[in-house]
Amino acid sequence: VLKASPTIVYSPYIPTTTRNKTQFSKPIFHNLNLQLRCFTRNGSKSRLFTTLSSSPISTTESIEPPMPEVEGEVGKERFDWYSQWYPVMPVCDLDKRVPHGKKVLGLDLVVWWDKNENEWKVFDDTCPHRLAPLSEGRIDQWGRLQCVYHGWCFGGNGDCKIIPQAPVDGPPVHTFKKACVAVYPSVVQHDIVWVWPNADPQYKDIITKKKPPYIPVLDDPSFSKLMGNRDIPYGYEVLVENLMDPAHVPYAHYGIMRTRTPTVKVDREGGRPLDMKVKKLDINGFLGKQDWGSSNFIAPCIFHAFADVEVDQENGSATSVKAPPPNRRLSLIFMCVPVSPGNSRLIWTFPRNFGVWIDKIVPRWIFHIGQNLILDSDLYLLHVEERKIMEIGATNWQKACFLPTKSDATVVGFRRWFNKYAGGEIDWKGKYSGALPPSPPREQLMDR
């Protein structure tokens, strides 16, 4: 089992692997074989190509690389960051016995379990008394959220239940509107707590009008749904574009993630040309097409990659999408949450309908070790990269970066969406200037 567990730490882009002879002397884990031929390109040998001219660099002719293909751009609506659902945390990482402080879109939130209504609640993480963080408090014996500073208690609707300092025979000051806590609309979907980042009473029933993005595979009982999450010291936009970029995997994660060996190997790591494109880009996101499958960016948080073909479990061969079962399916789902300038949160899950038994007997921390090691391996370079992008300005990103190959198509697609519909910035509602926080020493940055 322990030998098998690393095989479910998938490459989040091209889930194929080349096994050496020291792995699995007998095919006892046949169902975990990730050599899925459906992800392998057919045809002639691939070759490394470049658009660089052979002319001397001093030539007066401007060399303009072909831009990765983007289809179907539409009008210039403005993306409203505060009219969207945001994933806060997987339920599996929340303890019902205590309140949890979380930040989303610059908002300080407290997530807690209301046992009286049997549901998760999301409040403003501020006690109306002296502005102490409610996330430092506790859940009292009556199931109320209690502030740790002076003991004020609140019910699931944000109403103040008791002010210990108020005389029992005095005026009921706890009923005043100013004694209430702001409540954000929230819902549990796909075993994740989601929040609507506007506490205005007009949005109290927003769930009846607009729901969080629905991903059917996460509700399919035949699929595994092991989840992880982590707060990361670089911003939302860098996180999103990095997860959309398969070309960095053999380099930034060399020796950690196994990728397919190309027909023509030009270097030790095995980088190769990738035929990628983006289509149907609009204010809601875009669709992506790769040689191994498809992807979908659902603005602002979700990147979902999946294979276009199914795999016969008996012989591992690729078949058409209309092939009869049994079939193997694997999805890669990343939820990227803007936290504050220079900080983001990633929630990830890789649903699959094969080897499901592994998640039932292998401890979850083994899964976490592999995934966090992957995140660690390019954390520092992305942290530094973000500061360089900030220096040139987000809207100048495409001018400053040289993007001559199709492997950058989804990254360009995201930046085009981000610049076109969001003006190249997240709306922090004036809470932040947009400046990045000071960069700590590398050792401190990497300390998780």
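The values are calculated or read from the model by the stated rules, or taken from the named source; none is laboratory data. Being a predicted model, the structure only gives us computed values, none of them experimental. Reconstructed Cβ throughout: ideal geometry from the backbone, glycine too, with neighbour counts over all protein chains shown. Just the protein is used for accessible areas: all its heavy atoms, side chains included, with ligands, DNA and RNA removed. Shrake-Rupley method; radii C 1.70, N 1.55, O 1.52, S 1.80 Å.
Please find, among 429, 399, the residue that is of a type outside the set (S, T, N, Q) and either in contact (Cβ under 8 Å) with a residue 12 or more places away in the chain or open to solvent by less than 20 Å² (accessible area, probe 1.4 Å) (or both).
429
Determine, yes or no, whether residue 322 is outside any loop (DSSP other than H, G, I, E, B), at pLDDT below 95 and surrounded by fewer than 17 Cβ atoms within 10 Å (Cβ to Cβ).
No; evaluated as a whole, the condition is false for this residue.
Look through the range 226-282, keep the residues that are among the β-branched types (Val, Ile, Thr) and open to solvent by 40 Å² or more (accessible area, probe 1.4 Å), and return whichever of them is nearest to residue 358 (Cα to Cα).
So, considering only residues that are among the β-branched types (Val, Ile, Thr) and open to solvent by 40 Å² or more (accessible area, probe 1.4 Å), the one nearest to residue 358 (Cα to Cα) is 256.
Considering the range 156-180 alone, what residues qualify as being surrounded by 17 or more Cβ atoms within 10 Å (Cβ to Cβ) and under 24 Å from residue 93 (Cα atoms)?
Once the filter is applied, which keeps residues that are surrounded by 17 or more Cβ atoms within 10 Å (Cβ to Cβ) and under 24 Å from residue 93 (Cα atoms), the range 156-180 yields 156, 158.
Between a residue in the range 130-151 that is within 12 Å of residue 97 (Cβ to Cβ) and any residue that is assigned to a loop (DSSP other than H, G, I, E, B) and among the basic types (Lys, Arg), which pairs come within a Cβ distance under 6 Å, given they are 6 or more apart or on different chains?
143/115
Could you tell me whether residue 373 is open to solvent by less than 20 Å² (accessible area, probe 1.4 Å) and either outside any loop (DSSP other than H, G, I, E, B) or free of Cβ contacts under 8 Å to residues at least 24 places away in the same chain (or both)?
Answer is no for this residue.
Of the numbered conditions (1) exposed (fewer than 12 other Cβ atoms within 10 Å of the Cβ); (2) touching a residue at least 12 places away in the same chain (Cβ under 8 Å), residue 420 satisfies every one except a single condition; which is it?
(1)
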